[in-house]
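**Q** The structure follows.
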Amino acid sequence: MGCRRGTPVNELEAALLSACDRARIDPASIRALATGRIKANETGLIDLAQRLGLPLHIVGDEELRASAPRTHTISRQSLAHTQSTSLSEAAALAVAGASALLIATRIVTKRATCALAQSAEAQ
């Protein structure tokens, strides 16, 4: 997930639910949230992970860049701040593993982004 600074938890949750709807999956099947190091202290993301009882993985810039070739969208904001084409897609792929597939490309709300990846074990 990605977001603008100060994005409230409800907006982040709405982005996650929208991505689940796009992927046609039950939100209860989500096993973790992921974001880049640049968003590690975002209260809304921390609160969302706590609300859902999920771990929040913080992905380093190098891991984001390594996952970038598998992303599907390009965000100029993400490129400027992390050198990754899409923070939300790259973070999801990095945490889900080297063989993971995107099941929902980056969705964008007013202040949040969310993408979903599925690990090879779950496929």
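We did not get these values from a lab; they are worked out from the coordinates using the rules stated. Predicted model, so just to flag it, every value in this text is computed and none were measured. Positions of Cβ are backbone-derived with ideal geometry, glycine not excepted, and every protein chain shown enters the neighbour counts.
**Q** Using the 10 angstrom Cβ neighbour count as an exposure proxy, how do V9, V95, V59, V108 rank, fewest first?
**A** Numbers: V9 18, V95 22, V59 25, V108 14.
Result, fewest neighbours first: V108, V9, V95, V59.
**Q** Taking the Cβ of each residue in T73, T82 as the centre, tally the other Cβ atoms inside 10 Å and list the residues starting with the fewest. Please list the in-between numbers first.
**A** Numbers: T73 16, T82 24.
Least to most surrounded, the residues fall as T73, T82.
**Q** Now for a separate question. Given H placed 1.01 Å from N in the peptide plane, which residues other than close sequence neighbours of I103 have an amide H under 5 Å from its amide H?
**A** Amide H neighbours of I103: L116, A117, Q118.
**Q** Using the count of nearby Cβ atoms within 10 Å as a rough guide to exposure, how do H57, H72 rank from fewest to most?
**A** Working: H57 16, H72 12.
In increasing order of surrounding Cβ atoms, one gets H72, H57.
**Q** Need one number for the chain: average projected area of the convex hull over its C-alpha atoms, nm². Don't skip to the end; give the middle numbers.
**A** Details: hull surface 25.4 nm².
Averaged projected hull area, Cα only: 6.3 nm².
**Q** Would you mind calculating the gained length between A120 and A66 on full extension (0.36 nm times residue separation, minus the Cα-Cα distance), in nm to one decimal? Before the final figure, lay out the partial values.
**A** On the way: separation 54, 0.36 × 54 = 19.44 nm, distance 1.74 nm.
Full-extension gain reported as 17.7 nm.
**Q** Could you give each residue of the range 66-71 its phi-based ³J(HN,Hα) in whole Hz, using Karplus coefficients 6.51, -1.76, 1.60 with θ = phi - 60°, and x for Gly or Pro?
**A** Each residue's phi maps through the Karplus curve to give 5, 7, 3, x, 9, 6 Hz.
**Q** Just T85, T43, T71 to compare: in a GNM of the chain, with alpha carbon springs under 10 Å, which one fluctuates most?
**A** Fluctuation is largest for T43.
**Q** Right, something else. Provide, as a two-decimal number, the C-alpha radius of gyration of the range 53-123 over 2.2 N^0.38 Å, N being how many residues it has.
**A** Values: Rg = 11.3 Å, N = 71, 2.2 N^0.38 = 11.1 Å.
Relative to the rule-of-thumb radius for its length, the range 53-123 sits at 1.02.
**Q** Report the relative contact order of the chain, percent, no decimals, based on alpha-carbon pairs under 8 angstrom and at least 6 residues apart. All intermediate terms of the calculation are to be shown ahead of the outcome.
**A** Working: 237 pairs, mean separation 37.8, N = 123.
After rounding, I find 31 percent.
**Q** So, one more: Using a Gaussian network model of the chain with C-alpha springs under 10 Å, which one of D47, D21, D61 is most mobile by mean-square fluctuation?
**A** Result for the chain, Cα springs under 10 Å: D21 fluctuates most.
**Q** For a test of the definition: using alpha carbon positions, the gyration tensor, and the 1.5 limit on a/c, classify the range 13-55 as rounded, prolate or oblate.
**A** On the way: a/c = 2.14, a/b = 1.76, b/c = 1.22.
Verdict is prolate for the range 13-55.
**Q** Provide the per-residue ³J(HN,Hα) series for the range 5-14, in order, calculated from phi with Karplus coefficients 6.51, -1.76, 1.60 and θ = phi - 60°, each as a whole number of Hz, with x at glycine and proline positions.
**A** Rounded to whole hertz, the list is 4, x, 5, x, 4, 5, 5, 5, 5, 4.
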